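Okay, so here's the structure we're looking at.
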2 protein chains.
Amino acid sequence: MSVTAAQGFTAAGIAAGIKANGNPDLALVVNHGPSLAAAGVFTSNRVKAAPVHWTEQVLRGSAVSAVVLNSGGANACTGPKGFQDTHATAEKVAATLNEHGPGGDFNAGEIAVASTGLIGVLLPMDKLLPGIETAAAALSADGGEAAAIAIKTTDSVHKTATVSQGGWTVGGMAKGAGMLAPGLATMLVVITTDADLDSATLDKALRAATRTTFDRVDSDGCMSTNDTVLLLASGASGQVPAYEDFAEAVRKVCDDLARQLIGDAEGASKDIRIEVIGALTEDDAVEVGRSIARNNLLKCAIHGEDPNWGRVLSAIGTTQAAFDPDRLNVAINDVWVCRNGSVGDDRDLVSMKDREVRITADLCNGSESAVIWGNDLTAEYVHENSAYSS
Amino acid sequence: MSVTAAQGFTAAGIAAGIKANGNPDLALVVNHGPSLAAAGVFTSNRVKAAPVHWTEQVLRGSAVSAVVLNSGGANACTGPKGFQDTHATAEKVAATLNEHGPGGDFNAGEIAVASTGLIGVLLPMDKLLPGIETAAAALSADGGEAAAIAIKTTDSVHKTATVSQGGWTVGGMAKGAGMLAPGLATMLVVITTDADLDSATLDKALRAATRTTFDRVDSDGCMSTNDTVLLLASGASGQVPAYEDFAEAVRKVCDDLARQLIGDAEGASKDIRIEVIGALTEDDAVEVGRSIARNNLLKCAIHGEDPNWGRVLSAIGTTQAAFDPDRLNVAINDVWVCRNGSVGDDRDLVSMKDREVRITADLCNGSESAVIWGNDLTAEYVHENSAYSS
């Protein structure tokens, strides 16, 4: 159901010819109101793509009437021409919706733009701009699935999630395999709701949700130039949910999509759930979890189904978190293979046949915790990313 | 010539049976003086192996009469028993040299110990201790080569380097593939000299040399628990070189060994020389270089001979260095494929057939620079590190 699960939205996904292979590559999501409230979070990479610069500006106005997303090109590191192209794309969407569209007064300053694909290549505007007309003509209240498909790049499946309760709905779509900041392979997410909430409330709920979901997925530690997560509210249900209920629904949708991202990470054969407990602060727990998730040697060991807890300790030792090396405990799939920083239970008791592998690191230094999701490092990852742009 | 190129040293390398495959696994280096001056630098990982804790203590005394090194087990994360084993190893070396050795009054507090191999496994002391007697009996003034061979783990070749001038010599041996801090696969280095210099001078020269050599090699961003670099001076040449001459000789030996480490990095098919120029500070240049060197996506692209400069910019953008994204220039093998943060010269002009790939990143924000050496990410790396402990 994706972005059209909530009332007040239409969407489309079409092939504009941006991708050489003819696959769908252009998605359009339109908010028909009555509200146009919106919020967004973006990559923290200091090298940001043109559409990120543009959409950050749009969000300052707190109103988004439509989102146009393309795969097949990131429009990052493309200089002034790249920004002009993003601007022209928003203008074209506004003009097309005003001329042929569903009614309403669209203007470019309320059109969010997101792009994904290779960095450093200008978009083929001669294909993208006509594609916007095709997409506008294809808009429908059940176009969410097609939109989710059109934003795929190296994704093997499209990703959608929906939560409904009390007469209102939160639904969304995502592409990519990674985390918000840093993130791999450009994560693009559009979430819609028909709840009637203002932009400040949306912003608060979105930031709270991404902080513990997309921000805690770490596929390969690389940070994209294009990561974008948008939350749009139409108010079409007429419902004004309590903040806690709404925030939890947004968190559930983000968590669902984030898990789908890691489950589809490039070349991965194992999903690794890293839970850090006994930390003095939540920041310590996140820093330790991230360090474990990014350790290439450990990622290789997990791939080889080797419960190599020494590599976990080695990764913990590189952090600034508060801990005593002689009090660290580590479990792999619930077997405490490391106790007090030294040899614990028999590592041969650990079975790692399943796709999901659970690592628990107890810092024994407090009561805070965090969960980070990562994945293993495989020859397929190397293959996929050494052939990507050729 | 290794550690016995300088006068006043004997060495040996033998098979004690620590490695299951019967390969050499125990090395002994003895300083016959007249001076026992020494200096050392160690991993900055907070989870340190027992021999690192021990040898840091030994170095407080500024005198090292012998170094015993074993492969086949890191003796890291082995608790109090691991430290007892290191202590017993040093005691055994001192007792053996006093009883059967070359004369002199050896005591355990002047015996440095270094170990490399799997973390979290106790050393087979029933093999190691008798091995020390075998090694002591094999000590000779041309045993440097055998010692270098005995410290190999995943190394495909042993690594030695020598610089001689004005009647004095600096020589050394290394094992591992990585950097001092962080480092991969435990880097162990022993450098000897017959120059007559005190420990403070050795320490100054060693720290200056490692800062721009071993510290700027980044094979996979992982930091070992065991990294150790020792510099021992016998004074046997009777020469007291000028500090600048000596420091440069130590730097050359370190640089030579560091390049050999990266050239033998696990599974690598490309050596990547990353030069960051135009930085406001040297720290900025090092931070940017390291970020580029560690980017898995870029490492894959280089493996695929793909001049994917977008991944270089993406890596630069994750740092805190001072730069303007719109003024970044990047060359790959001297072709400036990115100018002013955007598309530069034709990427098809870049040839990447050679093993060495040069990336130049100009931050256009100052006059400081740094060179970091890294390597590509390959399916062989994944294979080697997913099967390591099994």
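The values are calculated or read from the model by the stated rules, or taken from the named source; none is laboratory data. Just so you know, these numbers come straight off a predicted model, no measurement behind them. We place every Cβ from the backbone using ideal geometry, glycine too, and count neighbours over all the protein chains shown. The protein model used for the area step is the full one, side chains on, heavy atoms only, and it has no ligands, DNA or RNA in it. Shrake-Rupley method; radii C 1.70, N 1.55, O 1.52, S 1.80 Å.
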* Structure fact -> Taking a probe of 1.4 Å and leaving out DNA, RNA and ligands, the protein assembly as shown shows per residue an accessible area in Å² of 33
* **Rounded, prolate or oblate (a/c below 1.5 giving rounded, otherwise prolate when a/b exceeds b/c) for the stretch B:237-390 by Cα gyration tensor** => oblate
* Structure fact -> With a 1.4 angstrom probe the carbon and sulfur portion of accessible area for the stretch A:2-263, in percent, totals 50
* Asked: If you rank B:S367, A:S234 by how much accessible surface each has, with a 1.4 Å probe, what is the order from largest down?
  -> B:S367, A:S234
* 3J(HN,Hα) from dihedral phi, the stretch B:256-263, Karplus parametrisation 6.51/-1.76/1.60, rounded to Hz, x for glycine, proline -> 4, 5, 4, 5, 5, 4, 5, x
* Structure fact -> Non-local residues with an amide H under 5 Å from the amide H of B:S115, with H modelled 1.01 Å from N and Pro and chain starts lacking one, are B:N70
* Taking a probe of 1.4 Å and counting only protein heavy atoms, give the total accessible area buried between chains A and B in Å², rounded to the nearest 100. => 3900
* To do: Give the nm distances, rounded to one decimal, from B:G33 to the matching residue in every other copy, measuring between label points 7 Å along Cα toward the beta carbon; shortest first.
  => 9.4
* Structure fact -> Rounded to a whole number, the Stokes-Einstein D of the stretch A:7-166 in µm²/s (Kirkwood radius over Cα pairs; 20 °C; 1.002 mPa s) is 137
* To do: Choose one answer from B:D348, B:D334, B:D203: the residue with the largest mean-square fluctuation in a GNM of chain B with alpha-carbon springs under 10 Å.
  => B:D348
* Asked: In degrees between 0 and 90, to the nearest 10, how far off the longest principal axis of chain A does helix A:199-212 point, with axes built from Cα atoms?
  -> 30
* To do: Show that you can apply the helix-only estimate: for the protein assembly as shown, add -39,500 (n - 2.57) for every DSSP H stretch of four or more residues, divide by all residues, and state [θ] at 222 nm to the nearest 500.
  => -10000 deg cm²/dmol
* Summarise the long-distance tail of P(r) for the protein assembly as shown by giving the % of C-alpha pairs beyond 41 Å. => 38
* In chain B, what residue has the beta-carbon at the shortest distance from the axis of the rotation relating B to A, and what is that distance in angstrom, rounded to the whole number? -> B:A379, 2
* Asked: R0 = 30 Å: FRET efficiency of B:R211 with B:R327, Cβ-based, nearest 0.05?
  -> 0.60
* Structure fact -> Here the relative contact order (percent) of chain A, from C-alpha pairs under 8 Å and at least 6 apart, is 18
* Simple spin-label model, 7 Å along Cα-to-Cβ: A:A20 to B:L280 in nm? -> 4.1
* **C-alpha long axis of helix A:125-138 to longest principal axis of chain A, angle in °** => 80
* Please name whichever of B:L97, B:A148, B:V312 sits farthest to the positive end of the charge dipole of chain B, dipole taken about the Cα centre and charges placed at Cβ: Lys and Arg +1, Asp and Glu -1. => B:L97
* Given the options B:G172, B:G22, B:G13, state which has the largest fluctuation in a GNM of chain B using a 10 Å cut-off (strictly under) for Cα springs. => B:G22
* Principal-axis tilt of helix B:50-60 within chain B, Cα atoms, nearest 10 degrees -> 80
* Pick from B:H158, B:H100, B:H87: which is most flexible by mean-square fluctuation in a GNM of chain B where alpha carbon atoms under 10 Å apart are linked? -> B:H100
* Of A:K19/A:K81; A:K252/B:K299; A:K48/A:K299; B:K19/B:K252; B:K48/B:K252; A:K299/B:K81, which ones are farther than 23 Å apart at the Cα? -> A:K252/B:K299; A:K48/A:K299; B:K19/B:K252; B:K48/B:K252; A:K299/B:K81
